């Protein structure tokens, strides 16, 4: 018998609808108030557009203005590209999973989406680690920093980071990708199933290990920067303070990133697989994605060059001749 109606009524007089009413194998879905749909979709749309807009400002700024072509900013550019992908693709889909019980994007995208999601998020984490190492070298060995770190090496580290992120997540999701029939029991369902051992491995690789690397580096950076601020002469003191401020700003970016990831892993390791737990996991995924909107806000609060470059972009000054050479670091009065 075909499911020719949009919904039926169960014994409790609750309307049960189907994801694909004309398909015998369709999953069922519970009814949600229209106001709930509208509120969630407005939030998703606004957040996604805001994330894309802010990260485009970062990408255009670093790509266009010559003063910003430094190894550290190349790493920030890679992070902004990852955040842009989150805003364009991951946020809308992950946001829909918060409110929609059905998967409407087909079996192929059901396979691809988790891979895209975790490759991008893992690459962002790799960017954080590389940025931490970059700041450590800049503060701890400023004289030899230009010899140790340059734009070409930064680009190579970014390419390696993205490649390793893809290989690592392909390994974690290998069985999920190899056996797509396990991803759903009915049409309109897409459930990511990962072995608990892989969840444990991922928690170590993407949370414990980065903390063991990043936290000691930033503690060392703080000690060295404070020492330099007290003992260096007036000529080099200004540069030391600038490096300290840059390290502090990027340290805040890393801290916010880790704070967004911790709830996700704590939830992944503790919950089961019923409907409420799946919703909780989706919420945690959304919190992780929201981090991509926070990074440009942190730059706007702490980096004067970002505020100036955004002003030049929004006022269309970047279309003027020689705009790439505009000064983004006017001397402090």
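What follows is calculated from the coordinates using simple rules that are stated; it is not laboratory data. Keep in mind the model is a prediction, meaning the values are calculated, not measured. So basically every Cβ, Gly included, is an ideal-geometry build from the backbone, and we count neighbours across all protein chains shown.
With one equal scatterer per alpha carbon and no solvent term, the Debye-computed log10 I(q)/I(0) for segment 43-132 at 0.20, 0.25 1/Å reads -0.97, -1.22.
Quick one, what does Rg over Rh come out to for segment 34-315 if you take C-alpha atoms and the Kirkwood Rh? Walk me through the numbers on the way to the answer.
Details: Rg = 20.4 Å, Rh = 20.3 Å.
My calculation of the ratio gives 1.00.
FRET efficiency for the pair residue 31 and residue 88, taken as 1/(1 + (r/R0)^6) with r the Cβ-Cβ distance and R0 = 30 Å, rounds to 0.45. Our estimate of slack between residue 204 and residue 302, defined as 0.36 nm per intervening residue step minus the Cα-Cα distance, is 32.2 nm. Spin-label model, residue 219/residue 197: points 7 Å from Cα along the beta carbon direction are separated by 3.3 nm.
Summarised as an ellipsoid, segment 109-204 has semi-axes of 37, 13, 9 Å, derived from the eigenvalues of the Cα gyration tensor scaled by 5 and square-rooted, with the largest first.
Full-extension gain between residue 290 and residue 150, please, as 0.36 nm times their residue separation minus the C-alpha to C-alpha distance.
Length gained between residue 290 and residue 150: 47.3 nm.
Between residue 53 and residue 326, the distance separating the two model label sites (each 7 Å from Cα on the Cα→Cβ line) works out to 1.9 nm. For the pair residue 316 and residue 133 in one chain, pulling the backbone fully straight at 0.36 nm per residue adds 62.3 nm over the alpha carbon distance.
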